[in-house]
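Quick notes on the structure that follows.
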Amino acid sequence: MSDNVASITRLVEWVQNATCDSVSHVLGQHIEMSDAPGVDYPIGANWQPKEHTLPLSLNQLLELKNALKDQTTPHWEPLDDFIIDPKDLPPLPAGGRVGGHGMYVMGTINLRAKGKQAVYLSHIPMYRGPHDYQLLLEAKLTILEATGAPCSTIFTIDPEVMSLNDLINEDISSFDATLFCGNFENGGAVLGNVTLSSLSVLSAEQLTTTPGQLPLHSLRYYALPDPTTPFSTLARQASPSGRFPIAPWTFYLDHHIRKSPDFYHLAKVVVDTGACGPAGSGIETLTPAMEWRVMGATNAPSARVKRGQTLLLDLVDDPQRTQCVATVVEDYDCLIGPDFGDFCDAA
């Protein structure tokens with residue numbers, strides 16, 4: 001961030017000291033802003049009908065320099081013609097967002113296993129604190145005490161009270177929780193007590209109710225490879241062409257939440273890797289928590305992926321436009337926002 005601030009300062013100084021008088025506009029490479037003040041298009045959007053004009057004025061360049069100077073700590077800040085969106089943000093304030101942060105657990109859990117089992121954790125968010133982050137983590141789950149029968153649906157956990165900020169900052173190494181079969185707030189059955197450790201953040205995005213924020217026009221999901229087969233192992237199983245794994249690839253899908261009220265949804269798909277393309281797409285473009293667009297589907301609870309469907313998935317923000325065919329094998333819980341407490345079909 002500091003390098004970017006210094007770069008903008010140098011650019012302003014160069015323009016102000018230029019001996020020529022031909023500097024009239026500042027031009028970038030891409031337009032991500034809409035023509036509505038302070039409103040941008042979602043990353044990876046392929047339909048942007050009302051874009052901001054490409055040229056920015058020298059006054060807008062000065063506005064950027066002054067806005068960066070005024071930021072004592074880097075933070076997301078929308079202005080009329082551009083948005084400051086620092087990527088290397090400082091840690092969140094330690095000890096903030098304390099609460100009981102319920103989560104869904106993706107993975108196959110053996111209640112009789114003694115060792116650590118690989119899983120993904122998906123925080124159940126809200127559009128208000130202390131739960132205002134969509135958060136995905138990798139973790140290891142250890143059974144402390146099993147009291148329930150095997151579970152044929154999705155798992156959830158009701159963890160001990162903790163700071164969500166500390167979890168996002170990766171300052172929490174482990175925590176204890178009660179494991180449930182099904183949603184613990186909607187009739188889930190207790191399975192026992194567990195410890196979650198080896199915590200690693202895959203994605204963390206704050207949910208906001210910024211006026212004018214544009215929704216996602218297409219249905220989009222984060223994709224998480226089956227945790228029983230690490231991504232590095234799948235990459236080593238690439239075909240002779242080096243493009244895709246030989247075997248079908250199982251993913252958990254976690255719906256990307258954006259504009260309130262939106263919805264929360266989990267599913268599981270099997271990707272037909274032989275039907276991925278185009279030729280030349282690289283295995284290096286496929287990473288845990290990558291985001292896929294469901295082609296032909298709008299972002300609505302009624303349009304969410306359902307068991308038995310065949311999908312065409314398009315990798316978001318991929319210059320090679322990687323696409324794969326997938327079959328939905330499990331359709332898990334769908335919760336309606338903004339508080340994500342009620343099931344979609346019951347709302």
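Some values worked out for this structure:
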{"item": "Checking Cys276 against (1) at pLDDT below 90; (2) assigned to a strand (DSSP E or B); (3) under 30 Å from Gly102 (Cβ atoms), the condition it does not meet", "result": "(3)"}
{"item": "Residue in segment 112-123 that is of a type outside the set (Lys, Arg) and assigned to a loop (DSSP other than H, G, I, E, B) present", "result": "yes"}
{"item": "Whichever residue in segment 51-90 is acidic (Asp, Glu), outside any loop (DSSP other than H, G, I, E, B) and open to solvent by 80 Å² or more (accessible area, probe 1.4 Å) and, among such residues, is modelled with the lowest pLDDT", "result": "Asp70"}
{"item": "Residue in segment 219-239 that is nearest to the chain's Cα centre (by Cα), counting only those that are crowded, with 20+ Cβ neighbours inside 10 Å and modelled with pLDDT of 85 or more", "result": "Tyr222"}
{"item": "Filter result (out of contact with any helix residue (DSSP H, G or I) (no Cβ under 9 Å at 6 or more places or on another chain) and at pLDDT below 95) within segment 92-114", "result": "Gly107, Thr108, Ile109, Asn110, Leu111, Arg112, Ala113, Lys114"}
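The values are calculated or read from the model by the stated rules, or taken from the named source; none is laboratory data. Owing to the predicted nature of the structure, the values given are computational and were not obtained by experimental measurement. Quick reminder, even Gly has a Cβ in these numbers, built from the backbone with ideal geometry, and neighbours come from all protein chains shown. Each accessible area value is taken on the protein alone, full model and side chains, heavy atoms only, with ligands, DNA and RNA left out. Shrake-Rupley method; radii C 1.70, N 1.55, O 1.52, S 1.80 Å.
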